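Read the structure below first, then the notes.
What follows is calculated from the coordinates using simple rules that are stated; it is not laboratory data. Please read these numbers as outputs of a predicted model, since none were measured by experiment. So basically every Cβ, Gly included, is an ideal-geometry build from the backbone, and we count neighbours across all protein chains shown.
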Amino acid sequence: MATAWETSVTDSINTVYLLFSAYLVFVMQLGFAMLCAGSVRAKNAMNIMLTNVVDAVIGSISYYLFGFAFAFGSGSNSNPFIGTTFFALKDVPNDTYDYSYFLYQWAFAIAAAGITSGSIAERTQFSSYLVYSSFLTGFVYPVVVHWVWSSAGWLSTSYTNSLLFGSGAIDFAGSGVVHLVGGIAGLWGAFIEGPRVGRFDAFGQPVPMRGHNATLVVLGTFLLWFGWFGFNPGSFTKILVSYPDAPSEGNWTGVGRTAVTTTLAGSTAGLVTLFGKRLLVGHWDALDVCNGLLGGFVAITSGCAVVEPWAAIVCGFIAAWVLIGLNVVALKLRFDDPLEATQLHGGCGAWGLIFTGLFAKEEYVVQAYNSGEKGVNRPFGLLMGGGWGLFGAQAVEILAIVGWVSVTMGPLFYLLHKLRLLRIPPEDEVAGLDISSHGGYAYVAHPEENNPRFYADYLRLQDGSRS
């Protein structure tokens with residue numbers, strides 16, 4: 001029997017591991033900021049940096065006041081409208097009211113808001129960011145978390161009543177919960193706003209609007225890659241957990257494998273995108289490779305702990321083509337998402353859920369969700385001989401998330417649009433959000449500050465709006 005001292009040491013190590021993972025996930029906010037800043041035009045760099053900061057700070061308050069309770073609250077003591085609700089929750093792992101678990105979940109919540117901000121970049125009023133960010137992190141996203149990650153959730157793999165299709169949906173680190181939610185929210189925001197001024201010509205053909213700084217894009221990509229090692233392996237939450245039928249094993253047996261599957265899926269997607277885009281456009285493009293990498297990471301996030309490394313390569317290979325294909329469709333439909341966030345996080349997130357339903361290995365499912373207990377049978381991947389149970393649950397999760405986010409975020413963006421609070425005036429968009437809304441450019445030597453023609457056009461548009 002373990003002594004109190006041994007138990008205390010185990011809890012301490014688990015807490016340090018979880019907090020370290022939370023810090024890694026939080027670093028992803030810096031990655032998002034750099035990626036977004038490099039992907040927009042220089043005249044909007046200050047605005048996109050500010051929105052990334054706002055997503056974090058607004059998300060902190062809204063998730064503390066409301067979000068965590070909606071996500072993990074259960075019982076009569078969990079009033080979601082009281083700031084200290086999370087002290088009274090009864091559904092936190094191991095029945096403990098743990099600050100570190102709250103911090104880890106908060107880092108995920110603000111990541112979902114950061115995804116959406118990329119979809120509506122370069123033409124959105126700053127005030128609307130405050131509204132949608134607090135609503136998304138305080139209510140929309142936490143409800144999905146409750147469905148999938150709470151033991152009281154109807155999609156959960158540990159639902160105390162009965163598992164959906166005898167399985168529950170496996171979304172280990174959030175291909176659906178985080179990425180599909182953020183991607184669908186961005187879809188509605190970008191659709192209701194419409195494309196940026198000049199993105200398509202009079203004949204509906206796309207006009208290139210490349211980001212201004214490839215260095216920042218690459219830096220942001222590597223920061224996100226680094227943070228994903230907290231996102232996916234960190235989702236074990238407790239590393240020192242001994243398996244009842246295998247005392248020499250524990251969650252640490254899956255942590256390293258999860259890091260490997262994450263790396264392989266992202267790398268494969270990046271490589272396929274590199275050569276795929278070379279065939280399509282005729283040159284090598286570092287920015288496309290970065291998005292391909294991220295698409296692979298998004299896709300593997302659902303099944304990272306329950307698939308073999310070779311399957312992760314399959315995941316990344318298909319994720320790259322999902323991203324490339326959706327980008328082609330987006331241009332055909334004149335859909336404008338400056339960071340491809342809808343296609344990347346939404347499309348690849350949905351593929352990740354399907355992939356898990358096809359390739360999850362039973363042994364790893366039991367490790368991740370039943371502490372490796374022998375004699376436990378769980379539905380697993382369809383192509384691995386596990387039947388339709390898991391695949392059906394994955395499909396239901398996709399439909400549920402798309403439906404829920406659409407009926408909440410869609411009307412919110414539409415209301416902001418009708419109240420004229422969503423999109424900036426065209427003359428301000430032409431000038432750039434930095435000078436029209438934030439007091440000046442992000443760079444001292446802005447490439448257009450000495451361009452008289454640019455200012456003449458800006459003043460002409462302003463005069464026209466007043467007449």
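Okay, here's what the table says:
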| quantity | calculated |
| --- | --- |
| All lysines inside 23 Å of K361 as judged from Cα atoms, apart from same-chain residues fewer than 8 positions distant | K238, K374 |
| Spatially proximal lysines relative to K277 (Cα-Cα < 21 Å; intrachain offsets below 8 disregarded) | K332 |
| The stretch 4-69: C-alpha gyration tensor shape, a/c 1.5 cut-off, then a/b vs b/c | oblate |
| Nonlocal amide H pairs with R423, under 5 Å, H built at 1.01 Å | Q125 |
| Rounded FRET efficiency, nearest 0.05, which uses the C-beta distance separating F200 from V53 and R0 of 30 Å | 0.45 |
| Highest to lowest packing among 191-203, 349-361, scored as the average C-beta count within 10 Å | 349-361, 191-203 |
| Label-point separation in nm, Y443 to F226, each point 7 Å along Cα→Cβ | 2.4 nm |
| Ellipticity estimate at 222 nm from DSSP helix runs (n ≥ 4, -39,500 (n - 2.57)) divided over the chain, nearest 500 | -19500 deg cm²/dmol |
| Ranked L35, L280, criterion: other C-beta atoms within 10 Å, fewest first | L280, L35 |
| Mean Cα-pair separation over length for the stretch 11-423, i.e. relative contact order, pairs under 8 Å, 6 or more apart, % | 22 percent |
| Normalised contact order of the stretch 217-257, rounded percent, pairs of Cα under 8 Å and 6 or more residues apart | 31 percent |
| Percent breakdown of C-alpha pair distances by 20 Å bin, ordered from the shortest bin, for the chain | 25, 56, 17, 2, 0 |
| Highest average packing first - 285-292, 331-338, Cβ atoms within 10 Å | 285-292, 331-338 |
